[in-house]
1. In straight Cα distance, which lysines are under 28 Å from Lys75, not counting same-chain residues fewer than 8 positions off?
2. So if R0 is 25 Å, what FRET efficiency would Ala108 and Ala67 give, r being the distance between their Cβ atoms, rounded to the nearest 0.05?
3. Restricting things to alpha carbons, find the Rg to Rh ratio for the chain using the Kirkwood radius for Rh.
4. Using the per-residue mean of other Cβ atoms lying within 10 Å as a proxy for protection, in what order, highest first, do the peptides 14-24, 95-105 fall?
5. Counting only protein chains, not ligands or nucleic acids, how are Ser80, Ser61, Ser112, Ser2 ordered by accessible area (probe 1.4 Å), most first?
6. For the chain, what is the calculated [θ] at 222 nm in deg cm²/dmol (nearest 500), taking -39500 (n - 2.57) for each run of four or more DSSP H residues and dividing by its residue count?
7. Using alpha-carbon positions, what is the distance between the centroids of the stretch 84-112 and the stretch 19-66, in Å?
8. About its Cα centre, what dipole magnitude does the stretch 31-90 give when the only charges are +1 on Lys and Arg Cβ and -1 on Asp and Glu Cβ, stated in debye to the nearest 20?
Amino acid sequence: KSLYERIGGEPAVDAAVDVFYRKVLADDRINQFFETVDMDKQRAKQKAFLTFAFGGPAHYSGKDMRAAHAHLVAKGLDDSHFDAVMENLGATLKELGVPDDLITEAAAIAESTRNDVLGR
Ligand code: HEM
């Protein structure tokens, strides 16, 4: 079973979206990157983010991680921002009662995208 399934599939991701989104927008270390982002599309993006972090279905049709973040790298996106997102991801899953071993797995998947997200 994939981590996505073990974590609870789509309902679990939906539940996590609100919590994660609230945390990210409240975090002054990173919320500037989301300022100009379309609010309606944002939900879908957060969902895509979390599905990705959970190793979810391969039918993700968005941009690859390098392309999706290139314009943010141009605005200064760096490791400190990536670390902040990782922190918010962990805190979100903890708050939702996801077991620590599954949080560790999700963090490893998210971590594996670091160099692509940061364009190097
Ligand atoms: C967009 C995932 C790290 C800020 C996206 C999208 C995904 C995603 C799936 C949607 C792409 C699309 O539009 O097709 C991830 C993953 C990350 C990560 C898995 C690593 C754990 C970050 C970080 C930041 C960030 C560190 C900034 C602090 C954004 C923003 C958008 C976005 C602002 C929307 C861009 C726009 O529409 O202009 N991300 N992301 N992401 N990400 Fe990330």
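The values are calculated or read from the model by the stated rules, or taken from the named source; none is laboratory data. Computed from a predicted model, the values in this text were never measured in an experiment. Cβ coordinates were reconstructed from backbone atoms using ideal geometry, including for glycine residues, and neighbour counts include every protein chain displayed. Note: accessible area is taken over every heavy atom of the protein model, side chains too, but ligands, DNA and RNA are not part of it. Shrake-Rupley method; radii C 1.70, N 1.55, O 1.52, S 1.80 Å.
1. Straight-distance partners of Lys75: Lys23, Lys41, Lys45, Lys47, Lys63.
2. The formula returns an efficiency of 0.65 here.
3. 0.93
4. Top to bottom by mean Cβ count within 10 Å: 14-24, 95-105.
5. Largest accessible area first, the residues go Ser61, Ser112, Ser80, Ser2.
6. Rounded to the nearest 500, it is -20500 deg cm²/dmol.
7. Each part's Cα centre sits 14 Å from the other's.
8. Values: 7 positive and 8 negative charges, 63 e Å.
So the dipole magnitude of the stretch 31-90 works out to roughly 300 debye.
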